[in-house]
Amino acid sequence: MKGFEYLEVELNDMKEQGVFRSLVPLQSPQGGRIIIDGKELIQLSSNNYLGLTNHPRLVEAAKQAVEAYGVGTGSVRTIAGTMEMHEELERKLANFKQTEATLVFQSGFTANVGVLSALLDEQDVVISDELNHASIIDGIRLTKAARRIYRHSDLKDLEKALQETQHYRKRLVVTDGVFSMDGDVARLPEIVELCENYDALVMVDDAHASGVFGENGRGTVDHFHLHGRVHIQVGTLSKAIGVLGGYIASAQVVREYLIHRGRPFLFSTSHPPAVVAANLAAIDVLLTEPEWIERLWENTRFFKAGLKDLGFDIGTSESPITPVLLGDEAMTMRFSDRLLANGVFAQGIAYPTVAKGKARIRAIVSAVHSKADLSEALAIFAKVGKEEKVI
């Protein structure tokens, strides 16, 4: 084939299967309700768990930072792009996560890639849950380490992998804290205990637990009272925190090593002042306004109960991530389109993001939804579910 014709063939296949999706531009701020193509919709596809993207304290902090420091830093952190506020954010995050140190990356994705590609070599092995996030998978692909995949949340399979890999210099067990597609929570206490028994390191990606689980949103390590027993935590500043970025929380020696060997950190321009200032303000909000997390969980319980009462299959979710499991890819995308036409923005998720036959609508409520918003959304789910003969 000439040029990019092979890409057109693949895209046409996606269209025939009903899974091709165009980008959907928003015409409003992120919130419980948004505007798309001039129409107001209930937003159920955002990771803006606490509604902090528009919180006045974050907005004001960003404005002041722009006025004081401009819109960019002009360099990577290791040359001339580290401002005092960058290190202030890392100190504040370390205190929040109750670890020796943190290091901020441009995103949660680059944090995972940077940690895994830097810390492991051919003498090591990484042991990963089969449903871990794509950034963990890609990070593992960039290592020279051996790799073992264990069945999702299967402790017996994990223990088998630990038993069979004792000859490596070090073993790193990696798991999501909250799994992004099913919304279930890792069996972290048991994982930690197994790793202690077999002298393995533990790394937890808490992207969907940051700001959601634990005291003041400290994550699953805090939720399960495992401080000091998890060696590396990866967090995000782009979801419940409401801004942008990712970070690792670990020992000081890990921070210092990644400053010298973490390639995404080394070769990416640092966060603009407005982003850093807004992140600092977000941590203050988590510490002083716990009502946002309380509202998030109240809304989560209400919405999950409503979907169950309607007869939808929401799997084993234990978090605000609520999959409406439909199975068929084309029908799932049609279902999403019908929701959109009726006033709910809830995107369909299909292969390759999830396995074939596991397509679903992934709904996420937020602290800024009202009960009226969620009741209306449930009524629309009921209408479309009956039309599609799902319920």
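Scanning the range 51-63 for any residue that is assigned to a helix (DSSP H, G or I) and surrounded by fewer than 13 Cβ atoms within 10 Å (Cβ to Cβ) turns up at least one such residue.
For Ala355, indicate whether it is small (Gly, Ala, Ser), over 26 Å from Ser153 (Cα atoms) and modelled with pLDDT under 95. Against the criterion (small (Gly, Ala, Ser), over 26 Å from Ser153 (Cα atoms) and modelled with pLDDT under 95), Ala355 does not qualify.
Filter the range 349-360 down to the residues that are outside any loop (DSSP other than H, G, I, E, B) and over 17 Å from the mean Cα position of the chain (by Cα), then identify the one that is surrounded by the most Cβ atoms within 10 Å (Cβ to Cβ).
Ala359
Yes or no: the range 369-382 includes at least one residue that is surrounded by fewer than 17 Cβ atoms within 10 Å (Cβ to Cβ), touching a residue at least 60 places away in the same chain (Cβ under 8 Å), assigned to a helix (DSSP H, G or I) and touching a helix residue (DSSP H, G or I) at 6+ places or on another chain (Cβ under 9 Å). Yes: one or more hits.
Among the residues of the range 75-86, write down those that are in a loop (DSSP other than H, G, I, E, B) and open to solvent by 80 Å² or more (accessible area, probe 1.4 Å). Break it down into steps so the answer makes sense when it comes.
Of all residues in the range 75-86, those in a loop (DSSP other than H, G, I, E, B) come to 75, 77-83.
If the condition is that a residue be in a loop (DSSP other than H, G, I, E, B) and open to solvent by 80 Å² or more (accessible area, probe 1.4 Å), then Ile79 is the only one that fits.
Screening Ser117, Ser128, Ser180 for residues that are part of a loop (DSSP other than H, G, I, E, B) and either over 11 Å from Asp205 (Cβ atoms) or not acidic (Asp, Glu) (or both) leaves exactly one candidate, Ser180. Among residues of the range 91-103 that are assigned to a helix (DSSP H, G or I), those with a beta-carbon under 6 Å from a residue that is open to solvent by less than 10 Å² (accessible area, probe 1.4 Å) and modelled with pLDDT of 95 or more at least six positions away or on a different chain give the pairs Lys92/Ile283; Leu93/Thr102; Leu93/Tyr247; Ala94/Ala101; Ala94/Thr102; Phe96/Ile283; Lys97/Ala249. Filtering the range 135-144 for residues that are β-branched (Val, Ile, Thr), open to solvent by less than 20 Å² (accessible area, probe 1.4 Å) and part of a helix (DSSP H, G or I) leaves a non-empty set. Could you say whether any residue in the range 265-287 is open to solvent by less than 20 Å² (accessible area, probe 1.4 Å), in contact with a helix residue (DSSP H, G or I) (Cβ under 7 Å, 6 or more places away or on another chain) and within 25 Å of Arg171 (Cβ to Cβ)? Within the range 265-287 (the criterion being open to solvent by less than 20 Å² (accessible area, probe 1.4 Å), in contact with a helix residue (DSSP H, G or I) (Cβ under 7 Å, 6 or more places away or on another chain) and within 25 Å of Arg171 (Cβ to Cβ)), the answer is yes, since at least one residue qualifies.
For Lys386, the conditions (1) farther than 29 Å from Ala186 by Cβ; (2) surrounded by 15 or more Cβ atoms within 10 Å (Cβ to Cβ) are fulfilled apart from (2). Just one of the listed residues (Trp292, Trp297) is at pLDDT 95 or above, under 29 Å from Ile241 (Cα atoms) and touching a Leu at 6+ places or on another chain (Cβ under 8 Å), and it is Trp292.
Are any residues in the range 290-308 more than 22 Å from the chain's Cα centre (by Cα) and of a type outside the set (A, V, I, L, M, F, W, C), and if so, which ones? Gly306, Lys308 - these are the residues of the range 290-308 that are more than 22 Å from the chain's Cα centre (by Cα) and of a type outside the set (A, V, I, L, M, F, W, C).
Looking at the range 309-335 only, could you name the residues that are of a type in the set (D, E, K, R) and closer than 26 Å to Lys239 by Cα? Within the range 309-335, Asp313, Glu318 qualify. Flag not set for Thr353, criterion: over 16 Å from Leu131 (Cβ atoms) and among the β-branched types (Val, Ile, Thr).
Please give the helices (runs of 4 or more DSSP H) falling wholly within the range 204-271 in which 2 or more residues are under 16 Å from the mean Cα position of the chain (by Cα) and modelled with pLDDT of 95 or more.
Details: elements: 220-223, 252-261, 263-266.
Result: 220-223.
Taking the range 243-255 as the range and being open to solvent by 10 Å² or more (accessible area, probe 1.4 Å), touching a residue at least 24 places away in the same chain (Cβ under 8 Å) and not small (Gly, Ala, Ser) as the test, the residues that pass are Val243, Leu244, Gln252, Val254, Arg255. Scanning the range 1-12 for residues that are within 30 Å of Asn47 (Cα to Cα) and modelled with pLDDT under 90 returns no hits. Residue pairs whose Cβ atoms lie under 8 Å apart, sitting 6 or more positions apart in sequence or on different chains, and linking a residue in the range 316-343 that is at positive phi and touching a residue at least 60 places away in the same chain (Cβ under 8 Å) to a partner that is in a helix (DSSP H, G or I) and surrounded by fewer than 22 Cβ atoms within 10 Å (Cβ to Cβ), are Gly343/Glu376; Gly343/Ile380.
If only one of Leu89, Leu103, Leu41 is touching a Gly at 6+ places or on another chain (Cβ under 7 Å), closer than 26 Å to Val178 by Cβ and either loosely packed, with under 14 Cβ neighbours inside 10 Å or not hydroxyl-bearing (Ser, Thr, Tyr) (or both), which one is it? Talk me through it step by step, then tell me what you get.
Details: Leu89 fails: touching a Gly at 6+ places or on another chain (Cβ under 7 Å); Leu103 fails: touching a Gly at 6+ places or on another chain (Cβ under 7 Å).
Of Leu89, Leu103, Leu41, the one residue that is touching a Gly at 6+ places or on another chain (Cβ under 7 Å), closer than 26 Å to Val178 by Cβ and either loosely packed, with under 14 Cβ neighbours inside 10 Å or not hydroxyl-bearing (Ser, Thr, Tyr) (or both) is Leu41.
The values are calculated or read from the model by the stated rules, or taken from the named source; none is laboratory data. On a predicted model such as this, the values are computed, not experimentally measured, just so you know. We place every Cβ from the backbone using ideal geometry, glycine too, and count neighbours over all the protein chains shown. Surface accessibility is based on the protein's heavy atoms, side chains included, excluding ligands, DNA and RNA. Shrake-Rupley method; radii C 1.70, N 1.55, O 1.52, S 1.80 Å.
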